[in-house]
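This report concerns only the one structure given below.
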Amino acid sequence: MRATVLLLSLAIVASASAEPRVVGSVSQEDVRGITAAIRATTHDRIVVIRKSSQPDSAGVQTVSGPTAGCQYFVRRIAGIWTITGKSCWTHVMTPQTASERWPYVARPSQLSESDFTAMKAALARHTHDEIRTIKLIQSSPLTVRVHTASSHIVTKGDYTLRKIGSDWKVSVESEIIH
């Protein structure tokens with residue numbers, strides 16, 4: 001058990017201090033100079049050093065966590081590697097499908113089962129997207145606002161449905177196509 005923990009600890013230390021991947025013709029001396037320039041600015045892990053097509057320049061990618069990092073542009077000026085540009089990024093983990101963004105809705109208690117079925121049929125003449133939210137706007141005449149979206153968020157729309165007699169009238173508020 002102790003041997004396993006020791007080997008696992010060594011593997012973690014080795015991966016944390018792993019050398020960056022070098023792309024293109026960059027000498028070890030230049031790698032050390034580039035690394036020193038980046039280390040003077042950040043303690044983020046250097047992932048890639050890429051030789052630029054411009055003379056005495058390179059691109060460097062760092063990561064500060066699983067969803068963030070920076071891109072640096074470095075140039076050798078008077079024999080010293082210097083950062084001349086920086087761009088950072090962060091990935092925000094958001095749901096990627098409509099069903100994750102807008103879970104399926106149950107029939108609101110204010111709507112009878114027959115009204116709900118008739119409302120869906122009226123809406124189907126305008127869109128094949130699934131109903132994601134229903135909000136009661138007014139009870140007399142019965143009026144609801146409906147948000148729809150396709151399963152992969154290719155399309156979505158907002159509709160107002162008003163019950164007039166036994167029919168549902170649909171007004172399109174907005175339709176968005178991505």
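Of note:
- For Leu111, distant residues with modelled amide H under 5 Å away: none
- The stretch 126-137 - phi-based ³J(HN,Hα) in whole Hz, Karplus 6.51/-1.76/1.60, Gly and Pro as x: 10, 7, 9, 5, 7, 6, 10, 9, 10, 10, 6, 9
- Under a 5 Å amide H cut-off, with hydrogens placed 1.01 Å from N, Val23 pairs with Ile49, Arg50, Lys51 among residues at least 5 apart or on other chains.
- Note on Glu113: accessible area is roughly 110 Å² with a 1.4 Å probe, heavy atoms of protein only.
- Backbone geometry of the stretch 111-121 corresponds, through the Karplus equation with coefficients 6.51, -1.76 and 1.60 at θ = phi - 60°, to 3J(HN,Hα) couplings of 9, 6, 4, 5, 5, 4, 5, 5, 5, 5, 5 Hz, x marking Gly and Pro.
- Going by accessible surface with a 1.4 Å probe and the largest first, Arg45, Arg32 read Arg32, Arg45.
- Summarising the amide proton neighbourhood of Thr82: residues at separation of 5 or more, or on other chains, whose placed amide H is nearer than 5 Å comprise Arg75, Arg76, Ile77.
- Sequence of Leu111, Leu136, Leu142 from largest to smallest accessible area, 1.4 Å probe: Leu136, Leu142, Leu111
The values are calculated or read from the model by the stated rules, or taken from the named source; none is laboratory data. Everything quoted here is computed from the prediction, not taken from an experiment. All accessible areas refer to the heavy atoms of the entire protein, side chains included, with ligands and DNA or RNA removed. Shrake-Rupley method; radii C 1.70, N 1.55, O 1.52, S 1.80 Å.
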